[in-house]
Structure formats: C-alpha cells, structure tokens
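Read through the structure below, which is laid out as structure tokens, and then see the notes.
The values are calculated or read from the model by the stated rules, or taken from the named source; none is laboratory data. Keep in mind that this is a model prediction, so the values were computed, not measured. Here the Cβ positions follow ideal geometry from the backbone for every residue, glycine too, while neighbour counts run over all protein chains shown. SASA here: full protein model, heavy atoms, side chains in, ligands and nucleic acids out. Shrake-Rupley method; radii C 1.70, N 1.55, O 1.52, S 1.80 Å.
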2 protein chains.
Amino acid sequence: MSVHTKTTPNSLTPVAQKFILHWGEMGTRWGINRTVAQVHALLFLSPRPLPADEIAETLAVARSNVSTSLRELQGWRIVRVVHVLGDRRDHFESIKDVWEIFRIVSEERKRREIDPTLRVLDECVQEVKANPQGDAYTRERLTDMREFLMAMTGLFDEVIHMPAGALKGVLKLRGKVVTMLGKKAV
Amino acid sequence: MSVHTKTTPNSLTPVAQKFILHWGEMGTRWGINRTVAQVHALLFLSPRPLPADEIAETLAVARSNVSTSLRELQGWRIVRVVHVLGDRRDHFESIKDVWEIFRIVSEERKRREIDPTLRVLDECVQEVKANPQGDAYTRERLTDMREFLMAMTGLFDEVIHMPAGALKGVLKLRGKVVTMLGKKAV
DNA sequence: CTCTCTATTCAGAAATTACTAAAAACACCG
DNA sequence: CGGTGTTTTTAGTAATTTCTGAATAGAGAG
C-alpha cells in the first residue's frame, strides 16, 4: 500500500470541469491529443503541483495515458516536474503565465512545422529553378508562399520575443497599432 | 461516356508532388484532413481551375472524397467554383494570394474556435464569481486566460485587417517594429 | 540484495476518423 | 417527360489514432 493518504478524492468543480472539457476539445481541433490538452488544463487550474496518479483519477483515464501525456507536455516545455517534501512521487506543474504559454507553444510549433515547411519550399524553389521549362507558374506560387512564410514568421518572432511588459503596453494601444504601422509603412 | 477528352493524364511534376505531400502532412498537424490539404495545395499550384474528377485522378483518391474535400475548402472560403465555357462540370480554383489565404483561414479559425472558447471562459468566470467560496485561484487563472485571448485576438484582428499594401510595408520594417511599439508602450 | 513504490513501455483493444464504391439526387438538354 | 452527365449522400470498410492493463524498468530504503 502507498504511504500516501490518497491526497484528495479530488472531484472537479463544475467550472473546472467545463474548462477542462472545452480545452480538450480545442486541443483536438489544433492537432493536439484530447487527453494531453485536458491534463494541461487541469495543471493550469491547479494551485499546486499534482502527481500523475491524482491526475489520472481526476480525469478518469489510465495512469499510463497520463504518463505519456505528461511526457508530451514536457516536450512542449509548458509543464515541468517538481518534488514535494516527503513524497517520492513526481509532481507536475504548468506554467501559469498565459502569455508565456502562448509564446513557448508558438515557438515550438514554428520549430516543428514552419521551419521544415520552409526547408521544403527552399528545395522546391531550387528544383524548379533548375528546370525552368514550363512551370513558371508553379515557381511563382512557391516563391510567394516561401516569402510570405519568411516575412510572417519574422514579424511573429519579433512580437513573440517582446518583453512581457512591452507586450502588455502594445495590447493597450489597440486601434492605434495599425495606424502607426500603416503610416510608417505605406 | 463523357464529352470531355479527358483533359490531361496530369501526372504531377516532382516539385508539385513534393509540395502537395508536405502540405497534406502539415494539414494533419493542424487538425486539417490530409486530403483536404492536398486538394488545396493542388489548386494553389494549378494555373487553371480544375474539375473534381481531374483532382481525384491526379491525387489518386476517390471522386467522392474530392467532393467532400472541396465542400470543406469552400467552407473555409479559400476555394470557389467557376465554370468553363462548353464544360458542364464545376471547376475549382484556389485563392492565390498567400496573405489573403492566411487572413481568411485565420478569421475562420477565430470564428470557429477562439470565439466559442471566449464564450466558455465568460461563462466560467461568471459562474466562479457567483460561487466565491474557495476557487479564488481558478477564478484568477480563468480571468487571465480570458483577458489574454481577448487582447491577443484584438491585436491580431487589427493586423489581419490591414490593407495588403500596408502589411507588405510593415514586413519590411522587420527589426524596427518591436522598438517602435516598445517605445510607445512601455 | 531485496522489497516497495513509482514511472515507463508495449501489445492489443477500442474508438475515431478517413475513405471508398454504390446509390441517390440534381441539372440540363432534347 | 427520358436520358445523360455530374455532384452529393450514404452505409460500410479501412486506416489511424488513442487508450488501456499488464509487464517491465527504475530508484531508493532498509
């Protein structure tokens, strides 16, 4: 038997449940496993780090499923393991700063998905340059796409790396950003 | 028998094939059906509108599968049906302006996913306000998330609605945007 | 070294999603 | 109308993804 007095029965409040279910649903729409998203939502709402078995119990999924979900969330760098005095089990906590979560996940998706796409586009543009017979149109489309992605991710990188304080300021400027940028730009 | 002289055998160039396969793969990672993404990639590269059966043949998928994929792409508003003189079949073409594609898809995803999430968050915050015993922490997390999403989508909306010309200008400012905004904001 | 608790891996089961072929519906023509 | 070419729907199949429970591995305590 475990040494632990079974921390809490830990039934979710209706609000927590609602948020966690919705978050899981949103996950699936963005290519993220439902359980992974639910585990994240739970940790995000939790005022203290949770051990895996408690997560499993709370969400009513298998312990092994939680294990892989936690591993994945650690891969996304938005969940980390911490330890609690007198408890041998790993406990997990989520980053709580929403801006930070967004920043990290964006970076990770850029690294995993946009960067490889840019590499493919580079190769495609190279290859279509080498064979200039006929596919002038293809070449144009691919070049367009490549340049758009480069420009867009460049801009995005800049915004994403702004110190949190600066961003909060920018968000206050709503309605002025376009005008400002527009004037300088057009 | 069809009246059409089977437009073209229409084997893809290696480059087109590479791009289409990669695009399909990227689709799956963002919660978009692989075939849907491939159909879109094909239309994006095609210099002329294509009829469904030609798409099916080129991608080697069932005609019915193409039909639903096209329907979905029309739902995203990035593909539309056009007609070709002397041909009863529907032909389909993709928007070609990459910025426009991005803008429309972003708007659509906001409408389908972010807006409902904001509604859920509103409800959650309301409910947790009504029961103020205990879940002060939950309330804080949910409020944070709600405000972040509102601010972020607000800013995003502004950028996304910039006239294409202005955006191209902004993209040229790379390296200066943060400084500019930062000065005004901090 | 062994015992106990915990975490991970894995092979199969379950569930979901995607796809196909056939049928039905539609639209236009004569 | 009836016929022909086309698109959409549908019901079943196939493929993929997710999840589980059991087995394995790991890590510290005594």
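When every Cα-Cα distance of the range A:19-116 is counted in 5 angstrom steps from zero, the calculated P(r) takes the values 3, 13, 23, 28, 17, 10, 5, 1, 0 percent.
Ordering A:Ser64, A:Pro47, A:Ala37 by Cα displacement along the dipole of the range A:28-74 toward the positive end leaves A:Ala37 in first place; charges were set at the Cβ atoms of Lys, Arg (+1) and Asp, Glu (-1). In a reduced charge model with +1 at each Lys and Arg Cβ and -1 at each Asp and Glu Cβ, the range A:37-176 shows a dipole moment near 440 debye about its Cα centre. Rounded to the nearest 100, the interface formed by chains A and B buries 6100 square angstrom of accessible surface, both chains summed, with a 1.4 Å probe. Going from the isolated chain to the complete set of protein chains, the range B:28-53 loses at least 10 Å² of heavy-atom accessible area (1.4 Å probe) at B:Arg29, B:Trp30, B:Gly31, B:Phe44, B:Leu45, B:Pro47. With both labels modelled 7 Å from their Cα along Cα-to-Cβ, the B:Thr143 to A:Leu118 distance reads 3.9 nm. State which entries of A:Lys110/A:Lys172; A:Lys18/B:Lys96; B:Lys18/B:Lys96; A:Lys110/B:Lys129 exceed 30 angstrom in Cα-Cα distance in the structure shown. Those over the limit are A:Lys18/B:Lys96; A:Lys110/B:Lys129. Ordered from largest to smallest accessible area (heavy atoms of protein chains, 1.4 Å probe), the residues B:Ile20, B:Ile32 come out as B:Ile32, B:Ile20.
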